[in-house]
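All remarks here apply to the structure that follows.
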Amino acid sequence: MASSSQAALSLFLLLVAASSSSSPAAVLAAGDDDADAGNNQHGLLTHIHLYVHEKFAGPNATAAVGMVASPLGPNATFGSMGVVDDELRDGPDRVSSGLMGRFQGFIVGVDLHPGSGYITSVTLVFAAGEYAGSTVSIQGPLLSFTAPIERAVVGGTGKFRLAQGYSVTRSLGNPTPETVVYEVDLFVLMMHRGQY
């Protein structure tokens, strides 16, 4: 007959083993037997791959940076503000890709010291394709203009109601002197249709 301390230790080890097998990653990867790999009790993990086409100079510019200057002087970014209303497309080439919607948002300088500390808030407004009529809102820091930018998906509307997740944005370069193209990967946990 096992002692009570051995039984308690066995129960403890069993609980540890059970809790480690149901980590958040395991819960997200697990789904119903008849469901897709990304489909589970919490929703459907969806990867959406898009391209942002921005024109920052010249006629019909889609970005206006420095609309509000920093109160700390011309070399400071703190308090400066800009806005974007960029094209959201399904490919990196503007001519051959389809327009999916708009990438609309603002950027505010929040670093008291000279540098590139910014906060961004962006809404992806879908006007075509599977997500037409829906939006996804992302926000987070912009610490560098050259490194990938990771931001949180904080919600959405339509098919993205109660969405959460993250986005990674990378600069692909400048097709012309006044334009830039960004690649955006959205990883969105979407609620089951009709659940809410």
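The values are calculated or read from the model by the stated rules, or taken from the named source; none is laboratory data. None of the values given here were measured: they were computed from a predicted structure. Cβ atoms come from the backbone with ideal geometry, glycine included; neighbour counts cover every protein chain shown. Note: areas computed on protein heavy atoms with side chains; ligands, DNA, RNA excluded. Shrake-Rupley method; radii C 1.70, N 1.55, O 1.52, S 1.80 Å.
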Tabulated pairs, region 45-72, first within 18 Å of Val136 (Cβ to Cβ) and of a type outside the set (S, T, N, Q), second open to solvent by 50 Å² or more (accessible area, probe 1.4 Å) and part of a strand (DSSP E or B), C-beta under 6 angstrom, 6+ apart or interchain: His47/Phe187; Val52/Tyr182
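Condition check ((1) among the aliphatic types (A, V, I, L, M); (2) more than 22 Å from Leu162 (Cβ to Cβ); (3) touching a Gly at 6+ places or on another chain (Cβ under 8 Å)) across all residues:
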site: Ala63; (1), (2), (3): yes, yes, yes
site: Ser96; (1), (2), (3): no, yes, no
site: Ala128; (1), (2), (3): yes, yes, yes
site: Gly133; (1), (2), (3): no, no, yes
Candidates Gln139, Gln104, filtered to the one that is over 17 Å from Lys55 (Cα atoms) and assigned to a strand (DSSP E or B): Gln139
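Could you list, in sequence order, the residues of region 142-160 that are open to solvent by 60 Å² or more (accessible area, probe 1.4 Å) and not aromatic (Phe, Trp, Tyr)? Give the steps one after another, and end with the answer.
From region 142-160, those open to solvent by 60 Å² or more (accessible area, probe 1.4 Å) are 143, 145-146, 148, 150, 154, 157, 159; that's our starting set.
Selection gives Leu143, Thr146, Pro148, Glu150, Val154, Thr157, Lys159.
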Return a yes/no flag: does region 74-85 have any residue that is part of a loop (DSSP other than H, G, I, E, B), in contact (Cβ under 8 Å) with a residue 40 or more places away in the chain and under 21 Å from the mean Cα position of the chain (by Cα). no
Run down Gly158, Gly105 and say which single residue is free of Cβ contacts under 8 Å to residues at least 40 places away in the same chain and in contact with a helix residue (DSSP H, G or I) (Cβ under 8 Å, 6 or more places away or on another chain). Gly158
Answer yes or no: is there a residue in region 131-138 that is open to solvent by 50 Å² or more (accessible area, probe 1.4 Å), free of Cβ contacts under 8 Å to residues at least 40 places away in the same chain and among the β-branched types (Val, Ile, Thr). no
Here are Leu9, Leu28, Leu15, Leu45: which of them is modelled with pLDDT under 75, open to solvent by 40 Å² or more (accessible area, probe 1.4 Å), within 21 Å of the chain's Cα centre (by Cα) and not polar (S, T, N, Q)? Leu28
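Could you tell me which of the residues Asp93, Asp85 is closer than 21 Å to Asp185 by Cβ, of a type in the set (Asp, Glu) and surrounded by fewer than 18 Cβ atoms within 10 Å (Cβ to Cβ)? Write out each step before concluding.
On the way: Asp85 fails: closer than 21 Å to Asp185 by Cβ.
One residue alone meets the criteria, Asp93.
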Pair list, Cβ under 8 Å, 6 or more apart: region 177-196 residue part of a loop (DSSP other than H, G, I, E, B) and at pLDDT 95 or above, other residue open to solvent by 40 Å² or more (accessible area, probe 1.4 Å) and hydroxyl-bearing (Ser, Thr, Tyr): none
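Please verify whether region 105-120 includes one or more residues that are closer than 26 Å to Val68 by Cβ, among the hydroxyl-bearing types (Ser, Thr, Tyr) and surrounded by fewer than 19 Cβ atoms within 10 Å (Cβ to Cβ). If you could, list the steps in order and put the result at the bottom.
The initial filter retains those residues of region 105-120 that are closer than 26 Å to Val68 by Cβ, namely 105-120.
After this cut, where a residue has to be among the hydroxyl-bearing types (Ser, Thr, Tyr) as well, the list is 116, 118, 120.
Keeping just the survivors that are surrounded by fewer than 19 Cβ atoms within 10 Å (Cβ to Cβ) gives 116, 120.
The answer is yes; a qualifying residue exists.
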What tally of residues in region 85-132 results from selecting those that are out of contact with any strand residue (DSSP E or B) (no Cβ under 7 Å at 6 or more places or on another chain) and of a type in the set (D, E, K, R)? 3
